[in-house]
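Okay, so here's the structure we're looking at.
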Amino acid sequence: MVNQPMEPMGSAEMGESRSTFVAKTYLWMFLGLMTTFAASLAAIASGVFYVVFSTPAIFYALLIAEVALVWILAGRLHKMSIGAARAMFFVYALVNGVTLSSIFFLYDLESVALVFVFAAVIFGIMALFGYVTKSDLSGIGKVAMFGIFGLAIFWLLSLFFDFTAVEQTVCFIGLALFLAITAYDTQKIKKFYEVYQYDNEMLQKASIYSALQLYLDFVNVFLYLLRLLGKRK
């Protein structure tokens, strides 16, 4: 993931205001989440869920595709068109919807809904903090990113070793890290605007890229809360 705004390309007259840019970014994030939800339901209703989770090769191929989409979008944002950036974002949301469809089988539906609402509330609080604070959150963001890298290693090792005894503690740590990243990524939206406010094309692409980062933050906050509070079937 790219942690700092990229250098501006080209110039143009200033278009939308910062508040409009931020609001539009959150709208893209919301549309991405709704796409994921719809894809999860469609995967279950159509039977795709059973095919994916009964064939490990397909499941892991989808996970690899998700990682590839994020890295391509981050690494080639300058070169791709606005339409391509949007398409990659929604393809990611669709694929992620399929891989996340298992939660409807693992957890009680009412529990999933309640956790989602709770996740939305605390995510919103941290996003608001990131938007209004005058403090520079770059340091917190860098520390949190190292922490998330450590989490990735933990979950990878958990495929081979039994870490059940410390799993709940790790979930609390993961939740705290992604809430911190939420505030950092929200503040970063304002920095993107400052860099690209005179370059409308890059501003539109930066909005999509920021929406993807916020989407990932929210999904991880939701999943960690679900592990902690969700009622399993």
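Brief remarks follow.
Conditions (1) surrounded by 14 or more Cβ atoms within 10 Å (Cβ to Cβ); (2) more than 30 Å from Ala206 (Cα to Cα), marked per residue:
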position: Ala45; (1), (2): no, yes
position: Phe53; (1), (2): yes, yes
position: Ala85; (1), (2): yes, no
position: Met88; (1), (2): yes, no
position: Tyr92; (1), (2): yes, no
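- Listing of helices (runs of 4 or more DSSP H) fully contained in the stretch 108-206 that carry 2 or more residues being crowded, with 19+ Cβ neighbours inside 10 Å and in contact with a Ser or Thr (Cβ under 7 Å, 6 or more places away or on another chain): 109-132, 164-196
- Qualifying residue in the stretch 69-82 (condition: in a helix (DSSP H, G or I), in contact with an Asp or Glu (Cβ under 8 Å, 6 or more places away or on another chain) and not small (Gly, Ala, Ser)): yes
- Check on Phe104, over 24 Å from Thr35 (Cβ atoms) and buried (at least 16 other Cβ atoms within 10 Å of the Cβ): no
- Cross-chain or 6+ apart pairs with Cβ under 7 Å, the stretch 167-181 first and closer than 9 Å to Ala144 by Cα and among the β-branched types (Val, Ile, Thr), then at pLDDT 90 or above and in a helix (DSSP H, G or I): Ile181/Asp217
- So Phe129, is it at pLDDT below 90, over 16 Å from Met29 (Cβ atoms) and hydrophobic (A, V, I, L, M, F, W, C): no
- Among the residues listed as Leu177, Leu157, the single one being closer than 17 Å to Leu225 by Cα and hydrophobic (A, V, I, L, M, F, W, C): Leu177
The values are calculated or read from the model by the stated rules, or taken from the named source; none is laboratory data. Remember, it's a predicted structure, so these values are computed and weren't measured experimentally. Reconstructed Cβ throughout: ideal geometry from the backbone, glycine too, with neighbour counts over all protein chains shown.
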